[in-house]
C-alpha cells in the first residue's frame, strides 16, 4: 500500500488580468499526469485541478490560488504545478 501524502502551496496570480485560458489548459494537462487528487482553491471555492471546466469557474483574477494535493505523488505534483504556473504567469 502506498503512503498518502498531503501537500499544498499558495500560488500568487500577480498579473492584473489574472489567470487566462492558456495557463489553465497547461495546468490541467500537466495535472492529469499525477495520481494524486489535485484541487485549486480561491475565495472559499474548491475545484478539481484536472478539469478545465472547473478551473475556469474560479475566474482567477489577481490574487492568490491555493493548490492542494492528496496522494502518493502529492509533493511532486505541487512542486511541478506551482513551478509551471509560476513560469506561465511570468514569474520564472
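The values are calculated or read from the model by the stated rules, or taken from the named source; none is laboratory data. This structure is a prediction, so every number in the text was calculated from the model and none was measured. With ideal geometry, Cβ positions are generated from the backbone for all residues, glycine too; neighbour counts draw on all protein chains shown.
Residue 45 meets the conditions (1) more than 12 Å from the chain's Cα centre (by Cα); (2) under 16 Å from residue 18 (Cβ atoms); (3) modelled with pLDDT under 90 in every case but one. The failed one is (3).
Residues are listed down the side, and each one gets a yes or a no for (1) under 10 Å from the mean Cα position of the chain (by Cα); (2) surrounded by 15 or more Cβ atoms within 10 Å (Cβ to Cβ); (3) without any contact (Cβ under 8 Å) to a residue 60 or more places away in the chain:
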position	(1), (2), (3)
6	no, no, no
33	no, no, yes
53	no, no, yes
61	no, no, yes
78	yes, yes, no
82	yes, yes, no
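Would you be able to tell me the number of residues in region 53-88 that are at positive phi and modelled with pLDDT of 85 or more? So the answer is 1.
Note on region 9-31: residues that are buried (at least 19 other Cβ atoms within 10 Å of the Cβ) and touching a residue at least 60 places away in the same chain (Cβ under 8 Å) amount to 5. The listed residues are 50, 30, and the only one of them that is assigned to a loop (DSSP other than H, G, I, E, B), within 15 Å of residue 74 (Cβ to Cβ) and modelled with pLDDT of 90 or more turns out to be 50. The set of residues from region 36-51 being touching a residue at least 24 places away in the same chain (Cβ under 8 Å) and exposed (fewer than 14 other Cβ atoms within 10 Å of the Cβ) is empty.
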